[in-house]
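**Student:** Shown below is the structure under consideration.
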Amino acid sequence: MSQYYLLQNQKRCIGCLSCEVHCKSNKGLPVGPRLGQIIPVGPKLINQQPRQAFVFMPCFHCSEPWCVPACPTGAMRMRPKDGIVYVEQSLCVGCKSCIIACPWGAPQWNPETGKVVKCDYCMDRVDQGLEPACVAKCVTHCLSFGRADRLEQSRRERFAEAVAFELTEIVSAR
């Protein structure tokens with residue numbers, strides 16, 4: 001797993017998609033691929049009020065990413081120094097094996113290049129001490145990024161609590 005975390009405070013997110021816009025702008029992506037996606041959920045009545053949530057879904061940079069061994073050319077890689085999973089564009093042949101292998105839909109097809117692209121936490125920016133573009137330009141500051149070993153325990157607990165209750169609501173609604 002990556003040594004970094006990228007968290008979303010869903011209570012602050014308004015679904016403005018500024019994270020997606022700045023991601024695409026930073027990567028120079030055309031219409032189509034969305035590396036970190038905002039997924040709208042709802043609307044749903046809560047206390048007789050319609051509510052909608054927006055869930056940010058970037059690549060999770062898994063500790064054992066299925067996309068890496070699925071790649072026949074070695075283009076899908078994990079950086080040894082920090083666990084960031086990325087695509088070496090010069091080696092990608094556009095076979096889409098990584099897209100099929102990833103259960104989260106993180107690798108995306110770039111129709112302009114005929115190759116795969118995916119969230120790499122803007123590793124070029126991270127290496128310069130900057131935040132990923134999606135975090136840096138988040139209008140409501142609902143996204144946060146940092147090293148996992150520096151994540152406060154209280155933040156992890158709040159995140160786990162929020163996810164647990166949302167899952168409970170989803171399961172009970174079925």
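The values are calculated or read from the model by the stated rules, or taken from the named source; none is laboratory data. Bear in mind that the values here come from a model prediction, so they are computed numbers and not experimental data. Cβ atoms come from the backbone with ideal geometry, glycine included; neighbour counts cover every protein chain shown. Quick note on the areas: whole protein, heavy atoms, side chains included, nothing else; ligands and nucleic acids left out. Shrake-Rupley method; radii C 1.70, N 1.55, O 1.52, S 1.80 Å.
**Student:** I'd like to know how the chain sits against the 2.2 N^0.38 Å rule of thumb: what's its Cα Rg over that expected value? Before the final figure, lay out the partial values.
**Tutor:** Numbers: Rg = 16.8 Å, N = 174, 2.2 N^0.38 = 15.6 Å.
Cα Rg divided by the expected 2.2 N^0.38 Å: 1.08.
**Student:** What angle do you read, to the nearest 10 degrees and between 0 and 90, between the alpha-carbon axis of helix 18-27 and the longest principal axis of the chain?
**Tutor:** 10 degrees
**Student:** Mind pulling the angle between the C-alpha long axis of helix 153-173 and the longest principal axis of the chain? Nearest 10 degrees, somewhere in 0 to 90.
**Tutor:** Rounded to the nearest ten degrees, it is 70.
**Student:** Between Ala148 and Lys81, what length comes free when the chain is fully extended (0.36 nm per residue of separation minus the Cα-Cα distance, one decimal in nm)?
**Tutor:** On the way: separation 67, 0.36 × 67 = 24.12 nm, distance 1.38 nm.
Full-extension gain reported as 22.7 nm.
**Student:** With +1 on each Lys and Arg Cβ and -1 on each Asp and Glu Cβ, how big is the dipole of the chain about its Cα centre, in debye rounded to the nearest 20?
**Tutor:** Values: 21 positive and 15 negative charges, 55 e Å.
Charge dipole of the chain: 260 debye, to the nearest 20.
**Student:** Rolling a 1.4 angstrom probe over the protein heavy atoms, how many square angstrom per residue are accessible across the range 1-133? Can you show the working numbers first?
**Tutor:** Numbers: 7320 Å² over 133 residues.
Normalised by residue count, the accessible surface of the range 1-133 is 55 Å².
**Student:** Next question. Identify, among Thr140, Trp109, Pro80, the residue whose Cα sits farthest towards the positive end of the charge dipole of the range 27-140, taking +1 on the Cβ of Lys and Arg and -1 on the Cβ of Asp and Glu, with the dipole about the Cα centre.
**Tutor:** Towards the positive end, the residue furthest out is Thr140.
**Student:** Still on this structure, I have one more. Evaluate the charge dipole of the range 1-63 about its Cα centre and quote only its size in Debye, nearest 20, assuming +1 on the Cβ of each Lys and Arg and -1 on the Cβ of each Asp and Glu.
**Tutor:** Numbers: 7 positive and 1 negative charges, 25 e Å.
Dipole size: approximately 120 debye.
**Student:** Any idea which of Ile39, Gln89, Cys23 is furthest toward the positive side of the dipole for the range 1-103, if Lys and Arg beta-carbons carry +1 and Asp and Glu beta-carbons -1?
**Tutor:** Value computed over the given set: Ile39.
**Student:** Can I ask one more? Using a 10 Å Cβ count of at most 14 others and DSSP loop calls, identify the longest part of the chain lacking such GluC sites (Glu not before Pro). Mind dumping the intermediate values first?
**Tutor:** Details: sites that count: Glu88, Glu112, Glu152.
The answer is 1-87.
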